[in-house]
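For reference, the structure discussed in these notes is given below.
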Amino acid sequence: MKLELRGVRKRYGGVEVLHGVDLTAEGGRVLAIAGANGAGKSTLIKVLAGAVPLDDGEILLDGEPLTLRGPEDAQGLGFRTVYQELSLVPQMTVTENVLLGALPTKRGLVDWSAAHARVRALLEEIGFADIDPRVRAGRLSVARQQMVEIAKALAVEPRMLVLDEPSAVLAGTDLDRLFDLIRRLRERGVAILYVSHRLAEVMEISDSITVIKDGRVVDTLTPARTSEDEIIALMAGRRLEQIYPDRVPEPGKPLLSVRGLSRDGVFDDVSFDLAAGEIVGMFGLVGSGRSEVARCVFGADRPTSGTVELDGAVTRFRTPGDAIGAGVALVTEDRKHSGLVLGMDVTDNTTFATMARISRAGLLDTRRRAANVQDMIERLGIHPPRPEMPVRHLSGGNQQKVVLAKWLLTRPRVLILDEPTRGVDMATRVDIYRMIDELTREGVAILLISSDLTEVLGATDRVLVMRGGRLVAEVGSADTTEDEVLAHSVGVAA
Amino acid sequence: MTEQQTSAVLDTASGEAAGATAPASARWRAAVPSPTVLVLIGAAVAIVAVAGVTNDSFLTEGNMTNLLRQMVSTGLLALGMLLVILTGGIDLSVGSVVALTGIMSAGLVSGLPLPLAILVAIVVGVLCGTVNGVMVARFSLAPFVVTLASMTTFRGLTYVYSKTPITPTSPDFLTLGSQNVGPIPIAAIITLVMFALGWVLINRTSAGRALLGIGGNREAVRLAGVKVQRHLVLAYALSGLCAAVAGVILASRVGIAQPSVGQGFELDAIAACVIGGASLSGGRGTIGGTLAGVVLLGLIDNLLSLYDVQSYWQQVLKGLIIAVAILVRRGERQNT
């Protein structure tokens, strides 16, 4: 099988996001698509999935022109797409999700034993026999849910499999198992498109790498004949010589002190301090209670016991509004669920936390609001620089910048960032690290929660490690290793 | 790399972003009505043109005045309904609030000074809405169920207040609903002023943006420090306020307050919002669209009566027009 895109163009609203893309995917090969946020990767995937129509250009299947009128057409041809955002129905079992709409029947009734057996076989094939087909999908970890998505894509033998940022939630051995699966599918002649901005993976798994930037294909490379640096330079259109700014920790006076904070069944007796001008990392596996601690500090959830002190005085944030008023900001982990109102524009989303401040007698000072938004668009390089654009149409990295803009406008003294670079490309990450570094020079205290070990050590001054709802270790970022931090987080530290 | 180099590199990046600047038309773009509104205005103009040519009594001053007056109730209810719909809610109780406040104002005016009687009726309307809002916000109950229950309750209270229609004794009371300024009914002016205030509320106040945000992503605006419960109560209270104004005006226009009045009014109000582009799942909807929806519904009612179309056929046609309007809107959404 050979699938070609020729001169594909796509516009959203008035903005063209794909400016004539050429691409060739072949059966039995893994093609990686690398690009920064906003480069057009997601749109390209949607085109291939038949989820959005082309504005111009053509798709050729084995040389024959092909029209995809909708996702059904693409699926009918055996094109399967596993999106970054999970699409499982959490209340339904794994089996129901995988065989959605195609459950085997016997005499008109669903044949559950056949269905479960079928799904068990599929899960075994992808190397995740330990997932029970009978449990509700919502009870699985995000990584497991991702694998269920993949099983669902494989329920009908695919000719092409598109994986969108699978490693955003998969790590370690899970990722190895996924790679084994990709290699087996490749041998069976499936065409695989692997979309990622994690270049180490891309180099490992792909046969060729197509780099796109600003809606155009910049180059197609062979892993053996290129380097990560070269790809990064192509993606960014510039060289990134240093990812993390050099930090000389100079903690000022303590700003935020958390004392014996607990929330029943979630985390227990957590105490730490944040000083002005300091970047403190917080690392822990999923479920270790990191994000929950942040939410309690911020007043989004109620702690069962313990206190939060600001400037040495005990404070009690009953609502996020109280925390914001006191100069605490929280960039949440999941921007779509809790960070943005997707249907509203950049202006609204940037100013939700500061609307009240720029209002007089309830009336918004719209001129000041526009100036604030413009200022943030320029400072953070939000692209396209259009305040009236619904954030739904922005790329992941630019959406994240809008969330950051919202919180920067509150002029926080304590900024808590929960996974601020998840699903964000390298160039934007560098921008974010630099921005954090600059904030500390103005005396802001930063708590950076991350499950990216390199980041948590590279971008911070010291690191707190959580395990099973407890704070188990504190290490200086310069005096430790990734192995040591990981060991603390899983409880095998010497 | 030194600090200077880093920022030089990054400046290039932001320079790129600024270089690829999108149209400078952002400002006027925001001022131009959305396609939905344009389509509705086009439809309304077409209807007016056809009707003007084919029917002699349509474009008369008398009929126009009448038309404006007919739109008042639906208009006021749709305005309040829009605020609730923006939050992702619905208010089924407005028809009952119209009856309750109408009959109370008509009854009270025989014992109280006119402004006071009207004020009491409006306070009652606001209280009705506040009850809805508190149930929805504080106890996290489904708006549909809450207002379904209160629809019955408020209707019951109306009959408790008076089982029989009340004819208001004060001649001043009747002025409100029946007098005109030139050809324009006072009631229509009140309605337009309230729409203007509604526009300011939605587009120019933090409360209005909060209502849209709550409908779009409640958790995100809560975490941004927006007091969600307070704003929900506000939306329902304002819906109650609008219903009360509509109730008083209706009683005054008809000259008699019926306890059974207002049944089904909530559906016209919802229809006007939806035709005007509001999404029942919240976060989407405009004042201009809603007003256009009200005008379109009003025109249809007026014309079908002028042409002596049987009232059952009126309902059929109205239903079809709502369906068409929604289809048009779906097309629009897919294009963006």
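The values are calculated or read from the model by the stated rules, or taken from the named source; none is laboratory data. In this text the structure is predicted, and so the values were computed from the model without any measurement. Cβ coordinates were reconstructed from backbone atoms using ideal geometry, including for glycine residues, and neighbour counts include every protein chain displayed.
Which one of A:446, A:432 is of a type in the set (A, V, I, L, M, F, W, C), within 14 Å of another protein chain (Cβ to nearest Cβ) and closer than 27 Å to residue A:484 by Cβ?
After applying the criteria, what remains is A:432.
Looking across region A:155-193, just one residue is part of a helix (DSSP H, G or I), closer than 19 Å to residue A:429 by Cβ and hydrophobic (A, V, I, L, M, F, W, C), and that is A:168.
Are any of the residues in region B:274-292 among the charged types (D, E, K, R) and either farther than 23 Å from residue B:156 by Cβ or free of Cβ contacts under 8 Å to residues at least 12 places away in the same chain (or both)? Taking every residue of region B:274-292 in turn, at least one turns out to be among the charged types (D, E, K, R) and either farther than 23 Å from residue B:156 by Cβ or free of Cβ contacts under 8 Å to residues at least 12 places away in the same chain (or both).
Evaluation of residue B:176 against the conditions (1) modelled with pLDDT of 95 or more; (2) over 19 Å from the mean Cα position of the chain (by Cα) shows that the sole unmet condition is (1). Of B:87, B:147, B:101, B:152, all but one fail to be among the polar types (S, T, N, Q) and surrounded by fewer than 24 Cβ atoms within 10 Å (Cβ to Cβ); the exception is B:152. Just so you know, in region A:404-422 the residues that are of a type in the set (Val, Ile, Thr) and more than 9 Å from every other protein chain (Cβ to nearest Cβ) include one that is farthest from the chain's Cα centre (by Cα), and it is A:414.
Would you tally the residues in region B:237-247 being farther than 10 Å from residue B:94 by Cβ and under 12 Å from the mean Cα position of the chain (by Cα)? Number satisfying all stated conditions: 2.
Of the listed requirements (1) crowded, with 19+ Cβ neighbours inside 10 Å; (2) assigned to a helix (DSSP H, G or I), residue B:192 misses just one: (1). Please verify whether region B:243-265 includes one or more residues that are closer than 19 Å to residue B:88 by Cβ and more than 11 Å from chain A (Cβ to nearest Cβ). No, that holds for no residue. Among the residues of region A:350-365, write down those that are among the charged types (D, E, K, R) and under 19 Å from residue A:326 (Cα atoms). Residue satisfying the conditions is A:357 alone. Listed by position, the helices (runs of 4 or more DSSP H) contained in region A:312-393 that have at least 2 residues being touching a residue at least 24 places away in the same chain (Cβ under 8 Å), at the interface with another protein chain (Cβ under 7 Å from one of its Cβ atoms) and within 30 Å of residue A:296 (Cβ to Cβ) form an empty set. Kindly indicate whether residue A:14 is out of contact with any helix residue (DSSP H, G or I) (no Cβ under 7 Å at 6 or more places or on another chain), at pLDDT 85 or above and small (Gly, Ala, Ser). No. Residue count for region B:211-239, restricted to those that are at the interface with chain A (Cβ under 7 Å from one of its Cβ atoms) and part of a helix (DSSP H, G or I): 9. None of B:195, B:173 is more than 14 Å from chain A (Cβ to nearest Cβ), of a type outside the set (S, T, N, Q) and either closer than 30 Å to residue A:391 by Cβ or touching a Lys or Arg at 6+ places or on another chain (Cβ under 9 Å) (or both) except B:195.
Based on this model, can you work out whether residue B:31 counts as touching a Phe, Trp or Tyr at 6+ places or on another chain (Cβ under 6 Å) and at pLDDT below 90? No.
From B:120, B:97, B:84, B:124, which residue is β-branched (Val, Ile, Thr) and either farther than 12 Å from residue B:244 by Cα or at pLDDT below 95 (or both)? Going through B:120, B:97, B:84, B:124 in turn, the sole match is B:84. Across region B:198-210, the number of residues qualifying as more than 8 Å from chain A (Cβ to nearest Cβ) and of a type in the set (Gly, Ala, Ser) comes to 2. Can you confirm whether residue A:480 is at pLDDT below 95 and buried (at least 19 other Cβ atoms within 10 Å of the Cβ)? In short, no.
Residues that are among the hydrophobic types (A, V, I, L, M, F, W, C), touching a Pro at 6+ places or on another chain (Cβ under 8 Å) and buried (at least 24 other Cβ atoms within 10 Å of the Cβ): does region B:115-127 have at least one? No, region B:115-127 contains no residue that is among the hydrophobic types (A, V, I, L, M, F, W, C), touching a Pro at 6+ places or on another chain (Cβ under 8 Å) and buried (at least 24 other Cβ atoms within 10 Å of the Cβ). Annotation: residue B:168 fulfils all but one of (1) in a helix (DSSP H, G or I); (2) more than 9 Å from chain A (Cβ to nearest Cβ); (3) of a type outside the set (Val, Ile, Thr); the unmet one is (1). The number of residues in region A:276-293 being over 11 Å from residue A:419 (Cα atoms) and charged (D, E, K, R) comes to 2.
Per-residue answers, yes or no, for (1) surrounded by fewer than 24 Cβ atoms within 10 Å (Cβ to Cβ); (2) closer than 30 Å to residue B:173 by Cβ:
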| residue | (1), (2) |
| --- | --- |
| B:232 | no, no |
| B:241 | no, yes |
| B:255 | yes, yes |
| B:267 | yes, yes |
| B:279 | yes, no |
| B:294 | no, yes |
| B:301 | yes, yes |
| B:307 | yes, no |
| B:322 | yes, no |
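Considering (1) more than 14 Å from every other protein chain (Cβ to nearest Cβ); (2) touching a helix residue (DSSP H, G or I) at 6+ places or on another chain (Cβ under 7 Å); (3) closer than 17 Å to residue A:214 by Cβ; (4) not charged (D, E, K, R), the lone condition that residue A:28 does not fulfil carries the number (3).
Kindly provide the set of residues from region A:107-130 that are of a type in the set (A, V, I, L, M) and over 18 Å from residue A:163 (Cβ atoms), ordered by number. Once the filter is applied, which keeps residues that are of a type in the set (A, V, I, L, M) and over 18 Å from residue A:163 (Cβ atoms), region A:107-130 yields A:109, A:110, A:114, A:115, A:117, A:119, A:121, A:129. The residues listed here are A:388, A:419; of these, the one that is among the charged types (D, E, K, R) and either modelled with pLDDT of 95 or more or at positive phi (or both) is A:419.
You will find that of A:459, A:473, A:487, the residue that is small (Gly, Ala, Ser) and either in contact (Cβ under 8 Å) with a residue 40 or more places away in the chain or at positive phi (or both) is A:459 and no other. If you go through region A:67-85 and keep only what is crowded, with 18+ Cβ neighbours inside 10 Å and of a type in the set (A, V, I, L, M), you end up with A:68, A:74, A:82.
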